[in-house]
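Worksheet: one structure, shown below.
Nothing in this text is a laboratory measurement; each read-out follows from the coordinates by a stated rule. Being a predicted model, the structure only gives us computed values, none of them experimental. So basically every Cβ, Gly included, is an ideal-geometry build from the backbone, and we count neighbours across all protein chains shown.
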Amino acid sequence: FYYICVILDLYARKVIACRVSDRIDRFLAMDTLLDAARLRGTTKGVLFHTDRGSQFTSQDFRRVIDELGMVQSFSAKGHPYDNAVMECFFKYLKKEELDRRCFQSLNQLKQSLLSYISGFYNAIRPHSHNHGLSPNQANLISFISPLVHFIDYCPVYPAGTFFSPPSVSFSFIQIEKG
């Protein structure tokens, strides 16, 4: 099995970081988080929501969260619905890209993920949360005018904050050879 770690911006539903590994551990989570921090630049005060997996509750992961100035949020025990946005992303990833495919190598899987996330999911795929806009379009509108709240239930963030707290989750896929 290979494990995919994704960090999703909840405001626009945009994938901001993705990594793949043959191990589901704190290193995969920390590396993906650091990728997202490099890409976004601003991390101070960002709410980082996860499930209660051991990789997210480890001292090493918590230290990285603290060093980045982020606030960690956990799903309530017995409430998997708190992470529904991530589960929905993984459902569509499997349905639209990974189901019924065999990958000959880890590199082939990574290329497939890059193509799906960059070329389709973030760029083209409409989201009802974004009123039919793709994540890139919704993100662009938030940067052009943070005062335009085109989403009815859009939370209000402090001045200078143009994106919402990201959420991270894990899922796994089995790689078939041949």
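Could you work out the Kirkwood radius for the stretch 65-127, taking every pair of different alpha carbons, averaging 1/r and inverting it, reported in Å?
After inverting the mean inverse Cα-Cα distance, the result is 14.2 Å.
Are there chymotrypsin sites (Phe, Trp or Tyr not before Pro) in the stretch 1-40 that DSSP marks as loop and that have at most 11 other Cβ atoms within 10 Å, and which are they?
Here the chymotrypsin sites (Phe, Trp or Tyr not before Pro) that fit, given the DSSP loop and packing criteria, are PHE1.
Hey, how many Å between the Cα centroid of the stretch 20-64 and the Cα centroid of the stretch 75-104?
Measuring centre to centre over Cα atoms gives 18 Å.
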